[in-house]
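The values are calculated or read from the model by the stated rules, or taken from the named source; none is laboratory data. For clarity, every value in this text was computed on a predicted model and none was experimentally measured. Reconstructed Cβ throughout: ideal geometry from the backbone, glycine too, with neighbour counts over all protein chains shown.
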Amino acid sequence: MTQTDESKISEERREALRYALAIGSGAALAAATVAPARAEDAADNTLDRVRAAGVMRIAVLPGELPYFNKDLASGTWSGMCIEMANDIAKLLDVKLDYIESTYGNSILDLQANKIDVGFALNPTPQRALVVDFCGAVFHHPFGAMLKKGMEAKTWADINKPEVKIAVDVGSANEAVARRFAPNATIKSLKSRDEVMLEMSSGRVDCVVNALVLGLTAIAKNPNLGTYKILQTPSVAIPSSMAVRRESDKRWRDFLAVWVDYNRGIGQMREWFVKGLALSNVKPEDVPVELNI
């Protein structure tokens with residue numbers, strides 16, 4: 001090939017690139033300038049794998065209402081996260097495969113490629129080092145179960161030495177109580193059951209816990225009192241969906257858009273309230289302050 005021929009080919013290539021830029025053809029420009037994707041990148045792709053297999057594997061957590069509930073007689077699953085998973089599966093035209101797990105093991109299951117998505121997980125900095133999160137499904141507020149006759153609207157209202165608070169040791173409930181009501185008399189107990197026993201027996205004035213725990217406990221035993229989301233400040237921890245860390249981010253990005261869309265149209269709150277109903281929580285008992 002002569003130097004003239006090489007110059008002619010180079011000029012034709014430059015013209016092709018200019019043409020791609022002029023007409024805004026991303027595909028043409030990418031074909032001319034980007035090297036082919038590596039084989040390992042193409043394989044590391046949950047979205048394509050789920051659609052090709054026709055199955056989406058999800059972690060399910062027995063007894064974790066309002067997110068998961070299993071009917072022991074029929075084996076049927078229900079709850080907020082099942083509603084979410086069904087909607088995603090319908091959109092992708094795939095079936096669901098249920099893998100029983102726990103909150104902690106959901107992260108390990110993602111890393112081991114046993115599941116494709118984990119639900120109702122708090123996106124802590126430690127977890128974000130090993131998995132990806134898909135945006136906040138909702139922000140789970142904290143407040144207090146108050147004994148009958150007790151009134152409180154802010155953390156300052158219970159941050160007093162004469163106020164006795166029960167929490168389960170080592171939990172987020174304890175961390176929140178000690179941070180925002182450090183002057184109260186805080187009793188740390190081994191389990192949630194012990195906490196509820198203290199409350200029902202009248203040995204404490206209130207229980208600091210997350211909204212779901214408070215609402216479901218009072219639905220089971222209305223004599224415990226009332227639940228209030230406390231303000232000044234507003235304390236809430238995001239609840240999210242997690243996916244396996246991979247180079248191709250289309251699965252994560254798809255689910256993040258799905259979350260934003262369904263929050264925007266009020267669908268998330270509807271699923272949440274429906275899940276709470278499984279614990280006999282009435283829709284009117286769900287505080288309007290719930291950011292979902």
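Name the pairs whose Cβ atoms lie under 6 Å apart, with the first residue in region 97-116 and at positive phi and of a type in the set (Val, Ile, Thr), the second surrounded by fewer than 13 Cβ atoms within 10 Å (Cβ to Cβ) and assigned to a helix (DSSP H, G or I), and 6 or more positions between them or separate chains?
none
List pairs: first residue in region 243-258 and closer than 17 Å to Leu92 by Cβ and touching a residue at least 24 places away in the same chain (Cβ under 8 Å), second residue assigned to a helix (DSSP H, G or I) and of a type in the set (D, E, K, R) anywhere in the structure, Cβ distance under 6 angstrom, at least six positions apart or on different chains.
Filtered contacts from region 243-258: Val243/Arg252.
Residues checked against (1) out of contact with any helix residue (DSSP H, G or I) (no Cβ under 7 Å at 6 or more places or on another chain); (2) among the hydroxyl-bearing types (Ser, Thr, Tyr); (3) outside the structural domain of Val163 (by TED's automatic domain parsing):
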| site | (1), (2), (3) |
| --- | --- |
| Pro182 | yes, no, no |
| Met196 | no, no, no |
| Met199 | no, no, no |
| Arg203 | yes, no, no |
| Val208 | no, no, no |
| Leu211 | yes, no, no |
| Ala217 | no, no, no |
| Ala242 | no, no, yes |
| Asp253 | yes, no, yes |
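Working carefully through the options Lys148, Lys160, Lys90, find the one that is closer than 26 Å to Val273 by Cβ and free of Cβ contacts under 8 Å to residues at least 40 places away in the same chain.
Within the list Lys148, Lys160, Lys90, the selection yields Lys90.
Enumerate the helices (runs of 4 or more DSSP H) found wholly within region 150-246, keeping only those where 3 or more residues are over 22 Å from the mean Cα position of the chain (by Cα) and of a type in the set (D, E, K, R).
Of the helices (runs of 4 or more DSSP H) lying wholly inside region 150-246, those with at least 3 residues that are over 22 Å from the mean Cα position of the chain (by Cα) and of a type in the set (D, E, K, R) span 192-200.
Looking at (1) buried (at least 21 other Cβ atoms within 10 Å of the Cβ); (2) without any contact (Cβ under 8 Å) to a residue 60 or more places away in the chain, which one does Leu129 not meet, given that it meets all the others?
Failed condition: (1).
Scanning for something surrounded by fewer than 18 Cβ atoms within 10 Å (Cβ to Cβ) and either at positive phi or in a strand (DSSP E or B) (or both), does region 268-288 turn up at least one residue?
Yes, because at least one residue in region 268-288 is surrounded by fewer than 18 Cβ atoms within 10 Å (Cβ to Cβ) and either at positive phi or in a strand (DSSP E or B) (or both).
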